[in-house]
Structures are given as C-alpha cells and as structure tokens.
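The values are calculated or read from the model by the stated rules, or taken from the named source; none is laboratory data. In this text the structure is predicted, and so the values were computed from the model without any measurement. All Cβ positions, glycine included, derive from the backbone under ideal geometry; neighbour counts span all protein chains shown.
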Amino acid sequence: MKFRFILRRLLVTVPMVLVVITLTWALIRLAPGNFYASERKLPPAIEKNIRAKYGLDRPWYVQYGHVMRNILSLDFGNSLKYENETVNDILRRTLPVSAAVGTCAYLLALLVGTVLGTVAALKQNSKLDYGAMGVSMLGISVPNFVLGPILVLVFSLSLYWLPPARWDGFPSWSMVLPVLTLSAIYMAYIARLTRAGMLEVLRSDYIRTARAKGLTERQVVLRHALRGGLLPVVSFTGPALALLITGTVVVERIYALPGLGTYFINANLNRDEPLILGIVAFTSVLVLVFNLLVDIAYGFIDPRIRY
Amino acid sequence: MSDERTPQVPTEEGRSQEPWGAGSPALTPRGTPQRPPVAARSGAEIHAFPETAVGEGDVRTAGESAAPARGTSLWRDAWKRLLKNRLAVFGMFVVGFIAVAVIIGPAIIKALTGFTYDYIPAGNTVSYPPFTAPDGSFSWTHPMGTDAAGRDMLARVLQGGRISLMVGVISTFVSLIIGVTWGATAGYLGGKIDDLLMRIVDVLYAIPYMMIVIVLLAFLGRNLSPLGQIFLLFAALGAVSWLTMARIVRGQVISLKNQEYVLAARATGVSTPKIIFRHIVPNALGPVIVYATLTIPSVMLQEAFLSFLGLGVQAPYASWGSLAQEGIQNIAVFPWQLIFPGVTMALTLFSLNFLGDGLRDALDPQMRKF
Amino acid sequence: MSSQNGTLLSIKDLRTYFETEDGTVRAVDGISFDLKRGETLGIVGESGSGKSVTNLSVIRLIPSPPGKIVSGEVLFHGQDILSLPDDEVRKIRGKRISMIFQDPMTSLNPFMRISRQLMEITQLHLGHTREQAYEHAVKMLETVGIPDARSRVDAYPHEFSGGMRQRVMIAMALSCEPELLIADEPTTALDVTIQAQILELIKNLKRETGTSVILITHDLGVVAGMTDDIIVMYAGKVFEQAPTRELFERPGNPYTKGLLKSVPDPAHEEGTELYQIPGLPPDVAHLPPEQCPFAERCYRAEEICKKEFPPFVQLNEEHFSLCHFAEEVYDESRGGAQTAGSHIDPNGLPLQGGGGR
C-alpha cells in the first residue's frame, strides 16, 4: 500500500515540476525585451548572431522542446551571466550555503518552538503562557528584514560580538545572526502550533486515561501527549521548507551570503534564463519530494493514517 | 459550558481543516493523508488562543443541540466577546489609528510643515536623526528624521503605509473572491467536481509559488509603470493567497449543506440561490471574516518581502518594505531610516494578528477549544 | 447484600465546583455515601447531574482550573485522598482505584500499541519487567475475552472495534487487581448487544476478583441486576439512596419515580406514549440555593418546594430521599399501582439497553 502511494505521488510530482517550469519559462518569454538588450539597442547584424547563438530565432515550440529536453536530462546549460559556469556548478556551489543556514534555522526553531509551545500549553493562562505567546506573536509580526538589521545593529555594530555580513563557511560564527534571523518566524509558528496541538491533546480522553493510570505528569506529557500534540508541527514541516526558501532569499540579501537565494534574485535581475529555470526546477523538486517525505513520516507517526 | 448557547457550526468537515486538529487527521479516500492546510503560507490560522472549556464529562448540560441559526444576537454576542478581549481591542485601536493616520496624515503634515513624501529640500541632502534640526538642536520638524535625500521620514512612512495597507486589503479581497468562489463551488456541487477542484488546491499548495511571483514581477513588472507594478502586485499576491480560503469555505459549505435547517429549506422547495444566499452565506461568513482578517497581515508581509528585494513597489511610490530596503543600506549610520518603517509595520501586523485572533475567538467559540 | 466486612470508600460532604464565565457551577454539591468492600454501587442521573464529577473527584482527576474540590472528605480505607500529597494519590490511581471511561473510542491512546498501554500500568505499579508486563498484558486480554489475544496485543486501538476497545479498557483497569473499579458509563457509547456483553463481563470479573465497583450510568436499565445499592443524583445532589430492589419497587422520590417511568417497557403497548419528565435539567450555575432543584419539573411540587431546600429523609434503615414529601411518595409507592419501573427486573440483566444517547 505504502509503495503504491509513494509511486503515485512521485508520478504526480514529475508533471507538476514540468508545469512549474513551463509557467516560469512562459513568463520569461512573454516579457518584452531580452537579456542581451536590456540597456542599449544592438546593431541588427549582431542581434541576429546572438539570437542564432541562443536559438532564439527558431519557433517557440522548438525552443520550448529544447529547454525541456535539457531539464529532463538534468543539464540546465550554462549561465548567461556567469558564462564560465554551468547552472549545475552554481547550484553545487550555492546550495551548501543555503542548506546550512536553512537547516540550522529550522532545527533551532523546532527545538525552541516545541519546548516553548509545550510549556505554554502546560501552564495555560499563566504569565509564562502569555509571555511565550506574546513573543511568538512578535516573531510572526516582525519581518525578518527588520529583525536582521536590528540584530546586526546590536550584536555587530554596537557590541562587536559577531561579524555583520560575511560567509566563513559552516560552521562558523558568521552563521549565528543569519540563522537567528531566519529561525525567528518558524520558532513563533512552531510554538503556536505546538501549544494549540498540546492543548487539544491534553484535554482529550486518552490523557485522562493516562492520568487515571497513576502516571506522573511528566510521563503523561512525554509518553502520551507529545506525540499527538506535535502532529501539527510535522504537517507544518512540508510548507515550512517552501517558506524557508523564500526566507533564505531575504536573509542572504541582508547578510550578503553567497547562497541560492542571492543567485536567484540576481538571475531574475539579469534575465539569466537558464539559471532561473535551473533554480526553479531544483527547488520545486526539493519541495515536492520533501512534502512527500513529510506525508510518509506522518504515516509512521500516526498509525491511523492509511494511504 | 460555552457550547450551550452557541450553534455548533463546524462539524467534522470543518474540524479537519484546522491545523491543530491533531487528534483526528482525516483519512481521505483519494489516497493522500489529508494534512492540515498549509498554515504557514498564510500565517493565519495557526493563531489559536484556546480558552479553557469546562466541557468535561458531566458538566455539560442540556441544549447541546442548539439550532445553528446565527441570528443578530450571535453577532452581538460576538461583539461583546470581542470587547472583552483586551489584546483584540488593543489591536483594533492600533489598526484604526494607523489606518486613519495613513489616510489623512500626509495631508496634515503637508499643511503643517509643507513636507510631502517626495519633497527634497534644495541643497541639503543630509539625513537628520529624529527630532533634530539642521543645527543639531531639538526640533519637532522631523519626528522620524529624514532619509538620505533629506525627505521627511514621517511623511514617507505614512505614504508607505497607504500602499502597504492597500496591498493588504486589495490582495486579500482578490484572494477572497477567488477562494470563496472556488471553495463554495467545490463544496456545494460536491462529487467529482469537488474532487477535481480540491485536488488542484492540494497540488498548488506544494508549489514554491513565491519563486514564480518573483519571476512574474521581475519580468512582467519591468515594463510596467510604477503604478502598474503595484496593480500587478495586488493581482499576484491575491492569486497565491486564496488556497486556504478555498479550503475553509468548502469545509463550511459542506457542513452547512448537511445541516437540518438547510435540508429542511430544500425539502420545502426553496430555490438553490435562495438557499445559498439566505442560509449558507450568512452562516459561513464568520470563518471567512476571521480568515480574511488574518490574510491581510500575511499579504502585507509578502508585499514587504518583495519590495525589500526591489521587486515590488518602486519609486516614486514607497511601501514599508521598500522603505526598509532603502533603510538597510544605511543601517550603520542612519538606523532610524530602517527602524521607523520597520517598527510601524511590525506594530501594524502585530495588531492585525491580535485582532484576527480575537475575532476568531469571538465569532467561533467552538474553535477556542482547539 | 453481599459480605459486610467494612467500609472501603466513604465520601463525606464532597463539593466540587467549576468556575465558568457564567458563574460558579456547583457540579457536585454536598455528596455523601459509603461503599462497602466487595459491593457494587450504582450512581444514576441525567447528564449534568454530577455523577462523573463525583467519581473524578475521588481520584482527584478534576481538571483544575476551572474545576476545584471545594470541601469534603474522600476516605479510602479511612485515609482522606483529598489531603494526600500528589505522589501518594498517583500510587492509588490505577493500582488500588481504577477507572473505565465512557467512550472507548477516544479513551485509548491512538498512537500507542495496546501492549504498551497495558504494560505501562503494571510496570509502573507492580514493578514488572518488560517480559512480565507483556505476558501479563496478554493474560489480561484473554481474561476480558479478546480472542486470539497474543496476536492482537501489538495492534493499535483503531484496529479494534468499540466493544473490543472497552474490553481493553477493562483489562487495563483490572491489571493491578484494584480494590475499587469505577466504571463511568461503560456501555453508553456501545451498541445494545455489546452493552449486555460488557456488563456481563464486569459482573463476572467482579465476582471473580471481589473488587468493589461503582457503576455510573444515566440508564436505570443498566444498573438493574448489577448493583447492591443505588444513588440517584440530580443537580449535584443525592436525591435518593436505597438498596437496588427497594429503589425499583418502592421509590421514595418523585424524581426517581419519573426516571423509572421513563424507562421503555418492552411489554408496553404500541401507540402508548412513553413517559417523559417535563422540562430540562437545571442550569446548575443559576440555581437558587434555597429551593428544591427539581421543583420546576416535579409533579408533586408545592409552594414549599420553591421556598425551602428539602430535607434528606430517612425512610427506613437503608433508604433515604431528598424531598419534602418523601414519606408520602414512599407510602404511595407501596401500593404498587404507580410503580412504573416494575417491568425492570432488578435481578436480571437489562431487557432494554436504552440505546445510549
């Protein structure tokens, strides 16, 4: 059963990625102008050469077929801007940066968020609960491009504790501020999700049964409540990745990190079609596969799920 | 005890829509474990401040089957409950204040000081700190200082607020129209059409849609006028924010459709449009209002994010996001250029979120338990 | 009456209140009763009468806030549970006093295998090793009549039917051979045919182990034939207390009479209307303390009922009733003419399950 489910989901994933790429490609092509002529008008002869070089003189469906064939063979071609590098090279170079920051941020958010949310739920309506939830609301409301610079202002420019904007690889002190900036909103979300989930579970009949067994409150929470209470957080993990990708774009911009997001924005500004398509295709696959993994994980955590 | 006086609208269908409905993830025949809606995208329905419900065992007394008629008294009750919630009242007050300020503020500043958001004082392009005159002494002229070009920050923050709030409201409205139409169609017609429509929503959830919005704005937006870009922003953000709304509306419609009183209306020969507008729409309104309120801050955040990347609102227009982008360039020397738009925006989002939370608690006491 | 070797549980003037937006709900308001070792006590009442809260109070499982045990004593072997430290109460819960809850569908942890849920309790209280606990779990499942127990012990709750889950709950409750089993509407959520099986099971297990039982129900049909004594609760108060047979044959309270009359009689002729107590259970938060809580719905009510709280009248050695006219009602019942519940055989299993809610 499970394998059939996975197979079916994977089969849906492929056309979806193709749809996303086609949509992106169409948007790029529908826009007037071209990457080579953004500023000045070129002499017709030169323009004709360029168009021939990139195949732009052929009918659109031929071009589309070409693009699709490249993408399906996982060869996205050369970047137009960084001419010496293939898109795959750039992905290989930038992904570790984004992945390091994103993973650390999410793990931190998971740790702090679940603890905060659980404690808030256990002490419902106490000062601690209100405090934790107020801070979470703040985390949701303060945009990361406001939080980031404020952290820089305090920890780098005033206290000189941490470097403001550079990349020293993983792990390094230069990661601290980007990770904090990125994880704030997930911490807040996860704390709120955990609290809501735990509150519902703590009120359920099976928790009353657990208490009636004579278990300590600690055993009740850790053995019985946590699993059900954290299910919403598990569900959140899938969409969180998509959000994390957009989040890293901002954070990389604030801290000038050489990551995927920075290159994606630059590619858009430079009309670097192969690079854009490459990054979109890569992240789409990543997000879809990740969502599938989360669904499978959900099935392991909740035995009632049948595929 | 709260469930005695209030109609029980969300049934299982409605419940399974909630991300915190952890106890009972719906098992869908389609084959996917129906995960709770992708809450984070909207940043909305996660906000739950459940209150203690007494409903333990025996304490619940009769009247559990109260009729699901939301009369005027329900709205009045909801209003009363809202006013009891101090944080929601605070949110309402701040949102109201900021809305009024951004609408009439720029005119007042112009009348008082002559500054507008794009007025560049001749010859002097130094950025002044807040409450500082050119000679460094205290002055009321620029309560938020000036930007790098010498423009009054207060006027710019207010003007930016206009755009930011407008994007929030209009994009939410766009998402409302798409989401309600989509969800109501799916829910009301049911069957294969429902299956197809909701499957599309499922599929769209799993797409990193912000990347497509970025491409859209970067390519199509480039050739538009600044005003045209703002309209593109409305449309783009509205077009990607309707998914959860569609799910909520569908859940509501399905549960309402099967309520006895709607069945009764149908059995007595009331026409379909009449059923929809007289019975279903008013009853589904509560969750829609709540969710719309919570969509506004999340759309504003997305607008700010795009503007911050230089893809959203462009000069001469400004939004809180684009002001923050300008501010961050000078963060070390002129921190107020980032802090004022940033803090104003954070305060607005904070208040809108609290207001949305409060509205949910007030309109749907059922949901408070979760 | 079974053996009379001392009192196991003695509740004295128990009051449990809930603070709500609407004011204080006096869910349990001055309950007293004794339970002798090896006996079965039935607590009967409509929803909201405070019967579940009474028993959750016994093992201090009232959700707090909003609930609070305001006053009273719960003497278990003469020791007041309400004044014990938390960890002492935990040693009693599940080991010496255990509970079965109403809804077996939600009372088991859906994320945990049955085996673990059963093992947990003996590992905790009896110090079993994993192997011992596992064997014990299998044995308990066999005891409660789950076929093929060894192969099903590792299943998850959702793989069991409602009746089977309730059997698991019973197995769990009896794992440590408790002195007192509190069954809170154990059959309400089940099909009628399953109800009879579960009741039969509780009855047999009780006979084998000698456990005292408190059986809570809103269905008089359920307690018939199960219990030694019955307490009828209404609005957080004890309205009548009597040995089972006496209560069925000679009720001394208008409310009890109403309850007995409203149990459907299989011999009842078709077309005859089933008796219904008029009105709804009272709003316990807004009940004037000086009147009889049942006055509004009572066929026998007079002026005095709305002015004075009724006395708890002793009708004979073991029969008490909370009513201004207790003796009159009691005498009236002797005639038998009005004993509407007479079709219920107090010795037998219920002919009518009542069908749940």
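Quick one: in segment A:213-242, of everything that is closer than 15 Å to C:MET112 by Cβ and within 7 Å of another protein chain (Cβ to nearest Cβ), which residue is surrounded by the most Cβ atoms within 10 Å (Cβ to Cβ)? First the steps, then the outcome.
Step one: filter segment A:213-242 for residues closer than 15 Å to C:MET112 by Cβ, giving A:213, A:215, A:219-231.
Remaining after also requiring within 7 Å of another protein chain (Cβ to nearest Cβ): A:213, A:215, A:224, A:227-229, A:231.
Values: A:LYS213: 25, A:LEU215: 22, A:HIS224: 25, A:ARG227: 18, A:GLY228: 24, A:GLY229: 29, A:LEU231: 26.
Across segment A:213-242, the extreme among qualifying residues is A:GLY229.
Taking the condition without any contact (Cβ under 8 Å) to a residue 40 or more places away in the chain and closer than 30 Å to A:PHE155 by Cβ, does B:ALA324 pass? Reasoning before the result, please.
Working: without any contact (Cβ under 8 Å) to a residue 40 or more places away in the chain: yes; closer than 30 Å to A:PHE155 by Cβ: yes.
Yes; evaluated as a whole, the condition is true for this residue.
Provide a single number: the residues in segment B:240-295 that are closer than 26 Å to B:VAL167 by Cβ and among the polar types (S, T, N, Q).
Of the residues in that region, 4 qualify.
Please determine whether any residue of segment C:15-30 is over 30 Å from B:ARG81 (Cβ atoms) and buried (at least 20 other Cβ atoms within 10 Å of the Cβ).
no
Failed condition for B:ILE328, given (1) surrounded by fewer than 24 Cβ atoms within 10 Å (Cβ to Cβ); (2) more than 9 Å from chain A (Cβ to nearest Cβ); (3) under 30 Å from B:LEU224 (Cα atoms); (4) among the β-branched types (Val, Ile, Thr), with all others met?
Condition (2) is where B:ILE328 drops out.
Can you tell me which of A:LEU91, A:LEU74 is among the aliphatic types (A, V, I, L, M) and either outside any helix (DSSP H, G or I) or at pLDDT below 80 (or both)? Reasoning before the result, please.
On the way: A:LEU91 fails: either outside any helix (DSSP H, G or I) or at pLDDT below 80 (or both).
None of the others qualify; the one that does is A:LEU74.
Each row is one residue, and each column tells you yes or no for (1) of a type in the set (Val, Ile, Thr); (2) closer than 30 Å to C:GLN117 by Cα.
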residue: A:THR209; (1), (2): yes, yes
residue: A:VAL220; (1), (2): yes, yes
residue: A:PRO232; (1), (2): no, yes
residue: A:LEU244; (1), (2): no, no
residue: A:ALA256; (1), (2): no, no
residue: A:GLU273; (1), (2): no, no
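Would you mind stating whether A:GLU83 is among the acidic types (Asp, Glu), surrounded by 15 or more Cβ atoms within 10 Å (Cβ to Cβ) and either away from every other protein chain (no Cβ under 14 Å) or free of Cβ contacts under 8 Å to residues at least 12 places away in the same chain (or both)? Outline the logic, then answer.
Details: among the acidic types (Asp, Glu): yes; surrounded by 15 or more Cβ atoms within 10 Å (Cβ to Cβ): no; either away from every other protein chain (no Cβ under 14 Å) or free of Cβ contacts under 8 Å to residues at least 12 places away in the same chain (or both): yes.
No: the conditions fail for A:GLU83.
Please work out which one of (1) at pLDDT 75 or above; (2) closer than 28 Å to B:PHE234 by Cα is the condition B:ARG86 fails and give its number.
Here B:ARG86 meets the rest and fails (2).
Could you say whether any residue in segment A:265-277 is more than 7 Å from every other protein chain (Cβ to nearest Cβ), part of a helix (DSSP H, G or I) and in contact with a Pro (Cβ under 6 Å, 6 or more places away or on another chain)? Spell out the reasoning first.
Just the residues of segment A:265-277 that are more than 7 Å from every other protein chain (Cβ to nearest Cβ), to begin with: A:266-267, A:270-275, A:277.
From what's left, part of a helix (DSSP H, G or I): A:266-267, A:270, A:273-275, A:277.
When the remaining residues are screened for being in contact with a Pro (Cβ under 6 Å, 6 or more places away or on another chain), the result is none.
No, segment A:265-277 contains no residue that is more than 7 Å from every other protein chain (Cβ to nearest Cβ), part of a helix (DSSP H, G or I) and in contact with a Pro (Cβ under 6 Å, 6 or more places away or on another chain).
Which count do you get for residues in segment A:252-264 that are more than 8 Å from every other protein chain (Cβ to nearest Cβ) and crowded, with 22+ Cβ neighbours inside 10 Å?
Kept after step one, since they are more than 8 Å from every other protein chain (Cβ to nearest Cβ), are these residues of segment A:252-264: A:252, A:255-263.
Cutting the leftovers down to crowded, with 22+ Cβ neighbours inside 10 Å gives us A:252, A:255, A:257, A:259-261, A:263.
Selection size over segment A:252-264: 7.
What strands (runs of 3 or more DSSP E), lying completely within segment C:152-270, carry at least 3 residues that are within 14 Å of chain A (Cβ to nearest Cβ), farther than 30 Å from C:GLU328 by Cβ and under 16 Å from the mean Cα position of the chain (by Cα)? Quick ask: steps written out before the conclusion?
Working: elements: C:180-184, C:212-217, C:229-234, C:237-243.
In segment C:152-270, C:180-184 are the strands (runs of 3 or more DSSP E) which contain 3 or more residues that are within 14 Å of chain A (Cβ to nearest Cβ), farther than 30 Å from C:GLU328 by Cβ and under 16 Å from the mean Cα position of the chain (by Cα).
Starting from segment A:294-307, keep only residues that are away from chain C (no Cβ under 11 Å) and surrounded by fewer than 17 Cβ atoms within 10 Å (Cβ to Cβ), then list their pairs with residues that are part of a helix (DSSP H, G or I) and modelled with pLDDT of 80 or more whose Cβ atoms are within a distance under 7 Å, requiring at least 6 positions of separation or different chains.
Sorted first by the residue in segment A:294-307, then by its partner, the pairs are A:ALA297/A:VAL234.
A:LEU122: more than 12 Å from chain B (Cβ to nearest Cβ) and crowded, with 23+ Cβ neighbours inside 10 Å, yes or no? Spell out how you get there, then give the answer.
Details: more than 12 Å from chain B (Cβ to nearest Cβ): yes; crowded, with 23+ Cβ neighbours inside 10 Å: no.
Answer is no for this residue.
Tally up the residues in segment C:47-63 that are part of a loop (DSSP other than H, G, I, E, B), over 19 Å from C:THR244 (Cβ atoms), within 11 Å of chain B (Cβ to nearest Cβ) and in contact (Cβ under 8 Å) with a residue 60 or more places away in the chain, please.
First pass over segment C:47-63, keeping only residues part of a loop (DSSP other than H, G, I, E, B): C:47-50, C:59-63.
Next cut, over 19 Å from C:THR244 (Cβ atoms) only: C:47-48, C:50, C:59-63.
Narrowing further to those that are within 11 Å of chain B (Cβ to nearest Cβ): C:47-48, C:50, C:61-63.
Those left that are additionally in contact (Cβ under 8 Å) with a residue 60 or more places away in the chain: C:47-48, C:50.
Summing the residues that are part of a loop (DSSP other than H, G, I, E, B), over 19 Å from C:THR244 (Cβ atoms), within 11 Å of chain B (Cβ to nearest Cβ) and in contact (Cβ under 8 Å) with a residue 60 or more places away in the chain in segment C:47-63 gives 3.
Quick test of your reading of the structure: A:VAL280 fulfils all but one of (1) over 24 Å from A:ARG29 (Cα atoms); (2) modelled with pLDDT of 85 or more. Name the failing condition by number.
(1)
Is it the case that B:LEU306 is under 19 Å from the mean Cα position of the chain (by Cα), part of a helix (DSSP H, G or I) and surrounded by fewer than 22 Cβ atoms within 10 Å (Cβ to Cβ)? Spell out the reasoning first.
Working: under 19 Å from the mean Cα position of the chain (by Cα): yes; part of a helix (DSSP H, G or I): yes; surrounded by fewer than 22 Cβ atoms within 10 Å (Cβ to Cβ): no.
The answer is no for B:LEU306.
Looking at A:GLY148, is it in contact with a Ser or Thr (Cβ under 6 Å, 6 or more places away or on another chain) and either surrounded by fewer than 16 Cβ atoms within 10 Å (Cβ to Cβ) or part of a helix (DSSP H, G or I) (or both)? Explain how you work it out, then say what you get.
Working: in contact with a Ser or Thr (Cβ under 6 Å, 6 or more places away or on another chain): yes; either surrounded by fewer than 16 Cβ atoms within 10 Å (Cβ to Cβ) or part of a helix (DSSP H, G or I) (or both): yes.
In short, yes.
Results for (1) of a type outside the set (A, V, I, L, M, F, W, C); (2) out of contact with any strand residue (DSSP E or B) (no Cβ under 9 Å at 6 or more places or on another chain); (3) more than 8 Å from chain A (Cβ to nearest Cβ), shown as yes or no for each residue.
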{"site": "B:GLN302", "(1), (2), (3)": "yes, yes, yes"}
{"site": "B:LEU306", "(1), (2), (3)": "no, yes, yes"}
{"site": "B:ALA318", "(1), (2), (3)": "no, yes, yes"}
{"site": "B:PRO335", "(1), (2), (3)": "yes, yes, no"}
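Considering only segment C:117-147, how many residues are over 22 Å from C:THR40 (Cβ atoms), more than 9 Å from chain A (Cβ to nearest Cβ) and touching a helix residue (DSSP H, G or I) at 6+ places or on another chain (Cβ under 9 Å)? Spell out how you get there, then give the answer.
Step one: of segment C:117-147, the residues over 22 Å from C:THR40 (Cβ atoms) are C:117-139, C:141-142, C:146-147.
Next, only the ones that are more than 9 Å from chain A (Cβ to nearest Cβ) stay: C:118-119, C:122-123, C:126-139, C:141-142, C:146-147.
Subset that is touching a helix residue (DSSP H, G or I) at 6+ places or on another chain (Cβ under 9 Å): C:118-119, C:122-123, C:126, C:128-130, C:132-134, C:136-139, C:141-142, C:146.
Within segment C:117-147, residues that are over 22 Å from C:THR40 (Cβ atoms), more than 9 Å from chain A (Cβ to nearest Cβ) and touching a helix residue (DSSP H, G or I) at 6+ places or on another chain (Cβ under 9 Å) number 18.
For segment C:93-116, which positions are more than 7 Å from chain A (Cβ to nearest Cβ), among the hydrophobic types (A, V, I, L, M, F, W, C) and either free of Cβ contacts under 8 Å to residues at least 12 places away in the same chain or surrounded by fewer than 24 Cβ atoms within 10 Å (Cβ to Cβ) (or both)?
C:MET105, C:MET112
So, in segment C:68-92, of the ones that are part of a loop (DSSP other than H, G, I, E, B) and loosely packed, with under 13 Cβ neighbours inside 10 Å, which residue ends up modelled with the lowest pLDDT?
Here is the first cut: in segment C:68-92, the ones part of a loop (DSSP other than H, G, I, E, B) are C:77-78, C:84-85.
Next, only the ones that are loosely packed, with under 13 Cβ neighbours inside 10 Å stay: C:78, C:85.
Numbers: C:GLY78: 82, C:PRO85: 87.
Among residues in segment C:68-92 that are part of a loop (DSSP other than H, G, I, E, B) and loosely packed, with under 13 Cβ neighbours inside 10 Å, the one modelled with the lowest pLDDT is C:GLY78.
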